[in-house]
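Novice: Here it is, the structure, as structure tokens.
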């Protein structure tokens, strides 16, 4: 009969195996997506995009919500248009301030 420690070891091994499989699948999906992006002629680094999303997720959530709103047909109602106008003004202000702040930062050469 297996001891409690042996059961824990088996569980840890299966977690490690599942973790490796998930990492491998993630890498394959990322590589495939990057190939399609490159083939389309877009200059987009998925690893850099993922890093940016992890560092500052709120703009990404806002973009995804906005895209879902538009694709879902929310723009065809008066309320939808009013909400879109309100949020687009706020987004434009934030984008302009981020652009100005980014333009004032010193550029690091040689990296």
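The values are calculated or read from the model by the stated rules, or taken from the named source; none is laboratory data. None of these values were measured; they are calculated from a predicted model.
Novice: Just to be sure I understand, how many residues within the stretch 73-85 are within 24 Å of the chain's Cα centre (by Cα) and modelled with pLDDT of 80 or more?
Specialist: Adding up the residues that qualify gives 0.
Novice: Of these, 8, 31, which one is in a helix (DSSP H, G or I) and at pLDDT 90 or above?
Specialist: On inspection, the qualifying residue turns out to be 31.
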